[in-house]
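Since the structure comes first, as structure tokens, the remarks are kept for the end.
The values are calculated or read from the model by the stated rules, or taken from the named source; none is laboratory data. Here the structure is a predicted model, which means the values were calculated and not measured. Cβ sites come from the backbone with ideal geometry, for glycine too, and all protein chains shown count toward neighbours. Ligands, DNA and RNA are excluded from the accessible area calculation, which covers all protein heavy atoms including side chains. Shrake-Rupley method; radii C 1.70, N 1.55, O 1.52, S 1.80 Å.
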Amino acid sequence: MKKISIVGAGRVGETTAQILAETELCRDIALFDVREDVPEGVALDILQSAPFFKFDGVLSGSNDPHILRDSDLVIVTAGFPRQPGMSRADVLESNVRIIDQVTDHIMTHAPNAMILVVSNPVDTLTYRVAQRTGWGRERVFGQAGVLDASRMASFIAQETGFSTRDITTLVLGGHGDTMVPVTRFCTINGVPIAHFLSKERIAAIVERTRTGGAEILALRKNSSAYDAPGAAVAAMVDAIVNNRRRLLPCVALLDGEYGETDIAMGVPCILGERGVESVVTLDLNAEERADFQRSAQAVRIDIERLNML
């Protein structure tokens, strides 16, 4: 991939740029932000860490959207972060105005790019970007499930004492309190977690996963999470850049899968060099299906609000 641009040079955008630079997933990384001088400062700071981490490349920043030109991938992290006590849906009205402007910039300067949406509420904003661009779901998708699955894996590791390297988790649905950690598909080196944990402990982990972002926000007080979100974005970029065709939970537009249409939410996807190559439809049991439908309804409420803005 020749060029990756990041819209939003806040903490998530900066962390993402740092990881992409260190891992040399792309040698040309551009940061765009409306705050004067901020993206230039972030780019310069990361560049000056290159001798320590031994990476080469070009990092640049600008307040001019022209910096997005010829991007292969645009990662959108811009928007107002939620404050303690707020849900992700609470920032919808303010962030939709930002996402609309960003989308127009991308269409003008990087009409052939893929778009990876990170800004919250990510399911609704991914839907908005797809609606506004008219681009297919292979090119417009969002990040949420990779982060939620990582949080769940870390909680399982804390609870069991086992290595995170051996823990596989799967979280579907909307990125919010109604997300659906599918415990049946969560394993430790292939062994179901139910072999090691009681139903009560699994239920506690599921609940902590659903409120994982709020927990960090409450503890930090002046900032939401950014280290794990940046790493989650980088994992998705790695799958695309190296055409790994990884099975990852991504926010994708649904067209009949899981009985849902005209909605974007977290589902298992094959992620490769063409973006979302396909959606994998799992055979959910009755409880999982009900949870997924409940999560879809929560996303639809936000989409209805979106359509009235």
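Just a few scattered comments:
- Qualifying residue in region 74-92 (condition: under 28 Å from residue 307 (Cα atoms), among the aromatic types (Phe, Trp, Tyr) and crowded, with 19+ Cβ neighbours inside 10 Å): no
- For region 190-200, the criterion of a residue being among the hydroxyl-bearing types (Ser, Thr, Tyr), buried (at least 18 other Cβ atoms within 10 Å of the Cβ), out of contact with any strand residue (DSSP E or B) (no Cβ under 6 Å at 6 or more places or on another chain) and over 23 Å from residue 127 (Cβ atoms) is satisfied by no position.
- Selection count where residues are touching a Ser or Thr at 6+ places or on another chain (Cβ under 8 Å), among the acidic types (Asp, Glu) and open to solvent by 10 Å² or more (accessible area, probe 1.4 Å), scope region 127-184: 1
- For residue 258: the one exception among (1) in contact with a Ser or Thr (Cβ under 7 Å, 6 or more places away or on another chain); (2) within 22 Å of residue 119 (Cα to Cα): (2)
- Of the criteria (1) in contact (Cβ under 8 Å) with a residue 60 or more places away in the chain; (2) open to solvent by 30 Å² or more (accessible area, probe 1.4 Å), which one residue 250 fails: (2)
- Region 113-126 - residue that is β-branched (Val, Ile, Thr) and open to solvent by less than 10 Å² (accessible area, probe 1.4 Å) and, of those, farthest from residue 8 (Cα to Cα): 124
- Among the residues here, residue 150 does not qualify as part of a loop (DSSP other than H, G, I, E, B) and within 14 Å of the chain's Cα centre (by Cα).
- Condition check for residue 151: in contact with a helix residue (DSSP H, G or I) (Cβ under 6 Å, 6 or more places away or on another chain), under 21 Å from residue 301 (Cα atoms) and not aromatic (Phe, Trp, Tyr): no
- Residue count for region 57-79 satisfying the condition of being of a type in the set (D, E, K, R) and either at pLDDT below 95 or touching a strand residue (DSSP E or B) at 6+ places or on another chain (Cβ under 7 Å) (or both): 1.
- Taken over region 80-122, the criterion of being under 20 Å from residue 236 (Cβ atoms) and at pLDDT below 85 is satisfied by 88 alone.
- Candidate set: region 201-233, residues that are among the hydroxyl-bearing types (Ser, Thr, Tyr) and either open to solvent by less than 20 Å² (accessible area, probe 1.4 Å) or under 22 Å from residue 19 (Cα atoms) (or both); chosen: the one farthest from the chain's Cα centre (by Cα): 223
- Among residues of region 1-59 being hydroxyl-bearing (Ser, Thr, Tyr) and closer than 21 Å to residue 225 by Cβ, the one that is most open to solvent (accessible area, probe 1.4 Å) is 23.
- Residue 21 vs. criteria over 20 Å from residue 141 (Cα atoms), without any contact (Cβ under 8 Å) to a residue 60 or more places away in the chain, in contact with a Ser or Thr (Cβ under 6 Å, 6 or more places away or on another chain) and not in a loop (DSSP other than H, G, I, E, B): no
- All helices (runs of 4 or more DSSP H) inside region 193-294 with 2 or more residues being of a type in the set (Asp, Glu): 199-210, 227-241
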